[in-house]
Amino acid sequence: MMQEVDGVLVVAHELKAPLAVLRQLALSLDDLGAKNEHLRDEMVQVSERAIRQVNDLAKVRRLEDGLFEMEPVAVRVVCDDVMQELRYLFRENKRGLRVKYTNKARVVTANRELLYSVIYNFLVNAMHYSAEGTQSELAVQDERECVKVMVRDYGPALPVNIWREMKKGFIKEPTAIAMRPGSSGLGLYIASKFSRYMHAEVGAVRHRDGASFYVKIPISRQLSLL
Amino acid sequence: MIFIIDDDKIMAECVSRAVGDVDKIRFFDNAIEAMNEIASGVMPKLIFLDILLNGPDGFTFLNEMVSYKDTAQIPVVVISSLDFGVDNLEMYGVVGILNKDTMLPKEIKEYAQKYAK
């Protein structure tokens with residue numbers, strides 16, 4: 001029997017190949033001079049972000065296969081890695097990023113790759129919707145049975161209908177959260193899908209001057225058995 | 001001599017640029033031509049191999065290579081967007097795996113310097 005071909009996965013692969021080539025071409029550029037080196041860096045960064053988004057889309061399609069293993073994950077380490085990757089993007093766009101860790105570095109049960117994408121998408125969303133010169137905030141704090149990762153931005157307020165959608169804890173499709181000008185809501189849709197897979201709770205808080213998006217990830221009991 | 005087997009010509013050229021010494025490089029856009037070349041006695045010191053190729057894929061190529069004593073010794077670096085660990089492919093002579101999404105030219109060069117000086 002012929003296996004059904006998943007169109008999204010095929011498209012993802014077809015998109016990824018030229019993006020990877022573009023990235024390599026940018027990396028191949030030598031002798032640009034200090035003045036133009038940042039152009040190459042930007043090309044690489046843009047390609048990498050596009051590749052990540054395509055990869056995330058492909059992962060969304062694969063979630064139902066249950067291939068993403070859940071394991072003990074150190075949230076702070078993941079946050080540090082995401083920040084490291086995105087620091088350049090924030091700097092280039094003249095936005096700041098402040099970090100506040102108030103948890104005891106507890107370990108959660110998650111899939112590292114998916115959690116990385118959730119935090120990554122929250123931060124890119126924050127960068128996109130923050131006004132120039134403002135500082136977004138990444139906070140990690142303990143709650144009773146979970147660790148909460150929250151990203152606060154300073155941009156347009158979140159429309160009430162979108163906030164309600166987030167409050168339900170799940171976003172059904174990207175267009176449902178075309179929440180602020182210029183947004184398809186894809187990043188938050190991906191974050192929502194990945195969070196649900198990990199039995200984590202996503203939500204949003206409305207502020208007059210922006211929004212906070214959070215994910216609450218269940219703590220790992222594995223180490224407490226030792 | 002280094003073989004680059006990739007059906008994406010531009011990606012193959014990027015790999016070639018990273019290696020640096022273009023005179024030492026042969027390009028193949030499919031596995032069959034590369035296998036025929038090796039069968040005719042041209043033994044590369046290193047092979048950069050894409051997995052998803054037109055016609056027989058990279059795994060078929062690896063399987064063929066490992067089937068003969070002399071070709072089984074040729075180090076292969078897999079360059080692919082697919083995720084897999086090098087542990088699974090060591091038995092096929094794979095000495096490294098580079099992810100097309102994240103690899104850097106210096107990593108390609110390091111393999112070339114290590115195996116094909």
Straight-line reach only, C-alpha to C-alpha below 23 angstrom: list the lysines that B:LYS117 could link to, leaving out same-chain residues fewer than 8 apart. B:LYS24, B:LYS45, B:LYS69, B:LYS106, B:LYS109
Suppose the Debye formula is applied to equal point scatterers at every Cα of the protein assembly as shown; what is log10 I(q)/I(0) at q = 0.06, 0.10, 0.12, 0.14 Å⁻¹? -0.27, -0.72, -0.95, -1.15
Would you mind putting B:74-80, A:130-136 in packing order, based on average other-beta-carbon counts within 10 Å, highest first? B:74-80, A:130-136
Using a 1.4 Å probe over the heavy atoms of the protein chains, calculate the carbon and sulfur portion of the accessible area of the protein assembly as shown as a whole percent. 52 percent
What is the magnitude of the charge dipole of the protein assembly as shown about its Cα centre, with +1 placed on the Cβ of each Lys and Arg, -1 on the Cβ of each Asp and Glu, and no other charges, expressed in debye to the nearest 20? 1860 debye
Around B:PRO44: net Lys/Arg minus Asp/Glu count, Cβ-Cβ under 11 Å: +2
If you average the sequence gap of Cα pairs under 8 Å that are 6 or more apart and divide by the length of region B:16-107, what percent do you get for the contact order? 25 percent
Partner chain coverage, peptide B:97-108 - average Cβ within 10 angstrom: 3
Among B:ILE51, B:VAL22, B:LEU104, whose Cα lies farthest out toward the positive end of the dipole of region B:2-115, if unit charges sit on the beta carbon of Lys, Arg (+1) and Asp, Glu (-1)? B:VAL22
Zone residues, region B:34-58, relative to B:GLU107, backbone N less than 17 Å from point 7 Å out along Cα-to-Cβ: B:47-52
Using helices alone, I'd like the mean residue ellipticity at 222 nm for chain B: each DSSP H run of four-plus residues gives -39500 (n - 2.57), total over residue count, nearest 500. -10000 deg cm²/dmol
Selected from A:GLU201, A:GLU92, A:GLU137 as most flexible by GNM, with chain A as the system and alpha-carbon contacts under 10 Å: A:GLU92
How about A:LYS148: which lysines have a C-alpha closer than 19 Å to its C-alpha, ignoring those fewer than 8 places off in the same chain? A:LYS100, A:LYS104, A:LYS167, A:LYS168, A:LYS193, A:LYS216
Toy charge model, Lys and Arg Cβ at +1, Asp and Glu Cβ at -1: chain B dipole around Cα centroid in debye, rounded to 20, equals 500 debye
Among the trypsin sites (Lys or Arg not before Pro) in region A:55-144, which ones are in a DSSP loop with at most 15 other Cβ atoms within 10 Å of the Cβ? Mind listing them? A:LYS94, A:LYS104, A:ARG144
Under the definition of partner shielding as Cβ atoms of other protein chains within 10 Å of a residue Cβ, what is the mean value for peptide A:24-33? 4
Among the GluC sites (Glu not before Pro) within region A:10-86, which fall in a DSSP loop and have no more than 11 other Cβ atoms within 10 Å of their own Cβ? A:GLU69
List the relative contact order of chain A as a percent without decimals, with contacts defined as Cα pairs under 8 Å and 6+ residues apart. 18 percent
Rounded to a whole number, the Stokes-Einstein D of region B:37-89 in µm²/s (Kirkwood radius over Cα pairs; 10 °C; 1.306 mPa s) is 134 µm²/s
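The values are calculated or read from the model by the stated rules, or taken from the named source; none is laboratory data. It should be emphasised that the depicted structure is a prediction, and the values quoted were computed from it without experimental measurement. As a convention, Cβ positions derive from the backbone with ideal geometry for all residues, glycine included, and neighbour counts pool all protein chains shown. Side chains are part of the model used for accessible areas, which takes the heavy atoms of the whole protein and leaves out ligands, DNA and RNA. Shrake-Rupley method; radii C 1.70, N 1.55, O 1.52, S 1.80 Å.
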